[in-house]
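Participant: Please find one structure pasted underneath; my questions will follow.
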């Protein structure tokens, strides 16, 4: 069993970040995922750590309902949001409680695709989670994961480092995803491919950058303990970051924060 990852998403922070990606990004990550996977009608999909249901909705619309989708997450608040999104579409997919640190309540060889977007690096024991994903896939089925590469959001971390005069804490995503996580996937599956998505988010003022910083650091607040532990300390850090962000805008006219995402496609 690996070291426990102290992390808990909140719906509002997560949705804020997604909204900022959509408004200020130059590329559509949902379309990139769909192009990468080239999904065929009639498949059965398990979306692990489905969050608020975003990926389930994307798959459903792309396949025009000609598929079976199960979305699972450990977070009840996010599952409630997924249920709302499901209801808007007439409840075409199934939403279940699912913890990827525990055995999946599905028979072996059940799914054509298992997806896990921006979450797999929070597993406590990757040597359990990846084999469990492998188990529920049909022969020839695929695992699709996404996560941050080591160069992800460099300017974001540069600004925080400059503002606080402290080193950035180890992030589970960029520190684990392209190394430990990839290695376990490659060792478990017959074939693994890596696809890279780069999306520059361009902020012409500091306000949307600060909205992103506030949502990101609040959502991941347990990971930032070396920078703040109380609400007052959090607000002090936000003030310092805002000051440096304003300096970047004054100097360069914009802040360009590039998301660098790796998509691992593994075939059983």
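Participant: Can you give me the ranges of the strands (runs of 3 or more DSSP E) entirely in the stretch 102-219 with at least 2 residues that are surrounded by fewer than 15 Cβ atoms within 10 Å (Cβ to Cβ) and at pLDDT 95 or above?
Facilitator: Here the list reads 137-148, 191-203.
Participant: For the stretch 12-32, does any single residue satisfy the condition of being part of a strand (DSSP E or B), in contact with a strand residue (DSSP E or B) (Cβ under 7 Å, 6 or more places away or on another chain) and at pLDDT 95 or above?
Facilitator: no
Participant: Across the stretch 36-71, what is the number of residues that are under 22 Å from residue 140 (Cβ atoms) and in contact with a strand residue (DSSP E or B) (Cβ under 9 Å, 6 or more places away or on another chain)?
Facilitator: 20
Participant: Pairs under 6 Å by beta carbon, first residue touching a residue at least 12 places away in the same chain (Cβ under 8 Å) and at positive phi in the stretch 57-71, partner crowded, with 18+ Cβ neighbours inside 10 Å and part of a helix (DSSP H, G or I), six or more apart or different chains?
Facilitator: Matching pairs, first to second residue: none at all.
Participant: On to the next question. Going through 50, 56, 67 one at a time, which residue ends up being in contact with a helix residue (DSSP H, G or I) (Cβ under 9 Å, 6 or more places away or on another chain) and either over 27 Å from residue 259 (Cβ atoms) or surrounded by fewer than 14 Cβ atoms within 10 Å (Cβ to Cβ) (or both)?
Facilitator: Result of the check over 50, 56, 67: 67.
Participant: Just checking, which of 264, 228 is modelled with pLDDT under 95 and under 25 Å from the mean Cα position of the chain (by Cα)?
Facilitator: 228
The values are calculated or read from the model by the stated rules, or taken from the named source; none is laboratory data. All values derive from a computational prediction rather than experimental measurement. Note: ideal-geometry Cβ built from the backbone for every residue, glycine included; neighbour counts use all protein chains shown.
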